[in-house]
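Visitor: One structure, as structure tokens, below. Some questions next.
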Amino acid sequence: MTSARYRRVVLKLSGEALSGEQGFGIDPKVIQSICQQIKEVVELGVEVAVVVGGGNIWRGKVGSQMGMDRATADYMGMLATVMNSLALQDGLETIGIQTRVQTSIEMRQVAEPYIRRKAIRHLEKKRVVIFAAGTGNPYFSTDTTAALRAAEIEAEVILMAKNNVDGVYTDDPKVNKNAKKYDSLSYMEMLNEGLGVMDSTASSLCMDNDIPLIVFSITEEGNIKRAVQGETIGTIIRGK
């Protein structure tokens, strides 16, 4: 069995990744596939934290554009991430992986409140920790949550799993057939070229804390394990 390159990782999943081909809601088959891939990584001895978006249920930005108060719309989006996190927790525990959901907004009946030291202790005990409800503040994306939590728990890498692309391209490969894929980039290059991999707040956090980011496709079975083992997949983005 090939050993893992990274000891502790943050896996960033978009909400859309959980919806499968239907484009909205939660697809149980997709949940099962993702959970099985996470299990493979846990069995390598890797400590795994997960941040999942809520775009398959609700997007705060869309609500704001429709005339809603931005803060209210964003809080609704945070609640959507909790629903996704509970679905992931259930899927993981069904296949024997101990999991804890920690939320930035207290809801003790369904999850633990986010406490950094407790999260680290769970990871040390080889439990998967799912960080839900974003940062607990409006105007911040779940990309920023992933960067913030990665810095706080001293993760060695952020694995950004995409459901519609297998890396970072010069342009949208679905629109421009001549778009070229990057094997590696620096955060500064990504920001200067406006590639839109993650928002500028998240990018700056990663860059300032020297946290590498690997962007790859979640739809190919085993890709999370390949990324953790250091295989060359997708695009890697580093501080320099």
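Visitor: For the subset of the stretch 186-210 comprising residues that are among the charged types (D, E, K, R) and in a helix (DSSP H, G or I), which member is farthest from Asn164 (Cα to Cα)?
Guide: Asp208
Visitor: Given (1) under 20 Å from Leu18 (Cα atoms); (2) in contact with a strand residue (DSSP E or B) (Cβ under 7 Å, 6 or more places away or on another chain); (3) in contact (Cβ under 8 Å) with a residue 24 or more places away in the chain; (4) not aromatic (Phe, Trp, Tyr), identify the lone condition not met by Gln32.
Guide: Looking at each condition in turn, Gln32 falls short on (2).
Visitor: Considering each of Glu106, Glu47 in turn, give the residue that is surrounded by 14 or more Cβ atoms within 10 Å (Cβ to Cβ) and among the acidic types (Asp, Glu).
Guide: Unique residue meeting the criteria: Glu47.
Visitor: Also, quick follow-up: In the stretch 124-160, which residues are crowded, with 19+ Cβ neighbours inside 10 Å, of a type in the set (Gly, Ala, Ser) and not in a loop (DSSP other than H, G, I, E, B)?
Guide: The answer is Ala132, Ala146, Ala147, Ala150.
Every residue, every condition in (1) more than 16 Å from Ser204 (Cβ to Cβ); (2) among the aliphatic types (A, V, I, L, M); (3) touching a residue at least 40 places away in the same chain (Cβ under 8 Å), yes or no:
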{"residue": "Thr135", "(1), (2), (3)": "no, no, no"}
{"residue": "Tyr139", "(1), (2), (3)": "no, no, yes"}
{"residue": "Ala147", "(1), (2), (3)": "no, yes, yes"}
{"residue": "Glu152", "(1), (2), (3)": "no, no, no"}
{"residue": "Leu159", "(1), (2), (3)": "yes, yes, yes"}
{"residue": "Lys162", "(1), (2), (3)": "yes, no, yes"}
{"residue": "Asp166", "(1), (2), (3)": "yes, no, yes"}
{"residue": "Tyr169", "(1), (2), (3)": "yes, no, no"}
{"residue": "Lys174", "(1), (2), (3)": "yes, no, no"}
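Residues checked against (1) in a strand (DSSP E or B); (2) within 13 Å of Thr142 (Cβ to Cβ); (3) among the charged types (D, E, K, R):
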{"residue": "Gly45", "(1), (2), (3)": "no, no, no"}
{"residue": "Ile57", "(1), (2), (3)": "no, yes, no"}
{"residue": "Met68", "(1), (2), (3)": "no, no, no"}
{"residue": "Leu92", "(1), (2), (3)": "no, no, no"}
{"residue": "Val101", "(1), (2), (3)": "yes, no, no"}
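Visitor: If you go through the stretch 70-83 one residue at a time, do you hit one that is in a loop (DSSP other than H, G, I, E, B), in contact with a Gly (Cβ under 9 Å, 6 or more places away or on another chain) and surrounded by fewer than 17 Cβ atoms within 10 Å (Cβ to Cβ)?
Guide: No, the conditions are met nowhere in the stretch 70-83.
Visitor: Sticking with this one: Inspect the stretch 211-221 for any residue being surrounded by fewer than 19 Cβ atoms within 10 Å (Cβ to Cβ), touching a residue at least 60 places away in the same chain (Cβ under 8 Å) and not in a helix (DSSP H, G or I) and give the result as yes or no.
Guide: yes
Visitor: Is it fair to say Asn56 is of a type in the set (S, T, N, Q), within 25 Å of Ile115 (Cβ to Cβ) and buried (at least 21 other Cβ atoms within 10 Å of the Cβ)?
Guide: no
Every residue, every condition in (1) among the charged types (D, E, K, R); (2) within 16 Å of the chain's Cα centre (by Cα); (3) at negative phi; (4) modelled with pLDDT of 95 or more, yes or no:
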{"residue": "Leu18", "(1), (2), (3), (4)": "no, yes, yes, no"}
{"residue": "Gly23", "(1), (2), (3), (4)": "no, no, no, no"}
{"residue": "Lys29", "(1), (2), (3), (4)": "yes, no, yes, no"}
{"residue": "Val51", "(1), (2), (3), (4)": "no, yes, yes, yes"}
{"residue": "Gly55", "(1), (2), (3), (4)": "no, yes, yes, no"}
{"residue": "Met83", "(1), (2), (3), (4)": "no, yes, yes, yes"}
{"residue": "Gln102", "(1), (2), (3), (4)": "no, yes, yes, yes"}
{"residue": "Ala111", "(1), (2), (3), (4)": "no, no, yes, yes"}
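One line per residue, one yes/no per condition, for (1) touching a residue at least 40 places away in the same chain (Cβ under 8 Å); (2) touching a strand residue (DSSP E or B) at 6+ places or on another chain (Cβ under 7 Å); (3) hydroxyl-bearing (Ser, Thr, Tyr):
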| site | (1), (2), (3) |
| --- | --- |
| Leu88 | yes, yes, no |
| Glu93 | no, yes, no |
| Arg100 | no, yes, no |
| Thr103 | no, yes, yes |
| Arg108 | no, no, no |
| Glu112 | no, yes, no |
| Arg121 | no, no, no |
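Visitor: Turning to a different aspect of this structure: Test Val41 against the stated conditions and say whether it is part of a helix (DSSP H, G or I), buried (at least 18 other Cβ atoms within 10 Å of the Cβ) and in contact (Cβ under 8 Å) with a residue 60 or more places away in the chain.
Guide: yes
The values are calculated or read from the model by the stated rules, or taken from the named source; none is laboratory data. Everything numeric here is computed off the predicted structure, so don't read it as measured data. Methodologically, a virtual Cβ is constructed for each residue, glycine included, from the backbone with ideal geometry; neighbour enumeration extends over all protein chains shown.
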